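Worksheet for the structure shown next.
The values are calculated or read from the model by the stated rules, or taken from the named source; none is laboratory data. Because the structure is predicted, anything quoted here is derived from the model rather than measured. As a convention, Cβ positions derive from the backbone with ideal geometry for all residues, glycine included, and neighbour counts pool all protein chains shown.
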Amino acid sequence: MATTTIRVDDELKARIAAAAERAGKTAHAFIVDAVAQTVVQDEADAELDRIAEERWAKLLTTGETVPWDDVRAWIEARSRGERRRRPPARKAGR
């Protein structure tokens, strides 16, 4: 296991200690968890960006999309427990 040193000002150090105590953790465990959580969030954001770029490229290639009104109606129906087919994609602007 590697060691990394971080420098924080006294005010932040005190806030970390207080937050760690509230969480029932050591300051070290609190910081490690915070870093891990930030990395997980960054990875999720990067994956979302990748998916969005992939879908945007597909839209530009095919010109097909699903109109928001159709998607919204489908989502609302599903939230009420209704089983509906997903709305079909069609050329943008139609």
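Scanning the range 55-81 for residues that are free of Cβ contacts under 8 Å to residues at least 24 places away in the same chain, under 17 Å from residue 92 (Cα atoms), assigned to a helix (DSSP H, G or I) and not β-branched (Val, Ile, Thr) turns up 55, 56, 57, 58, 60, 68, 69, 70, 72. Only one entry in 90, 86, 50, 80 is exposed (fewer than 11 other Cβ atoms within 10 Å of the Cβ), over 24 Å from residue 5 (Cα atoms) and at pLDDT below 95, namely 86. Comparison of 26, 65, 4 shows that the only residue that is at pLDDT below 95, β-branched (Val, Ile, Thr) and surrounded by 11 or more Cβ atoms within 10 Å (Cβ to Cβ) is 65. Residue pairs whose Cβ atoms lie under 6 Å apart, sitting 6 or more positions apart in sequence or on different chains, and linking a residue in the range 27-48 that is in the same structural domain as residue 17 (by TED's automatic domain parsing) to a partner that is of a type outside the set (Gly, Ala, Ser) and at pLDDT 95 or above, are 27/16. Among the residues making up the range 3-17, those that are in a helix (DSSP H, G or I) and within 27 Å of the chain's Cα centre (by Cα) are 12, 15, 16. Being in a helix (DSSP H, G or I) and in contact with a Phe, Trp or Tyr (Cβ under 6 Å, 6 or more places away or on another chain) holds for only one residue in 20, 46, and it is 20.
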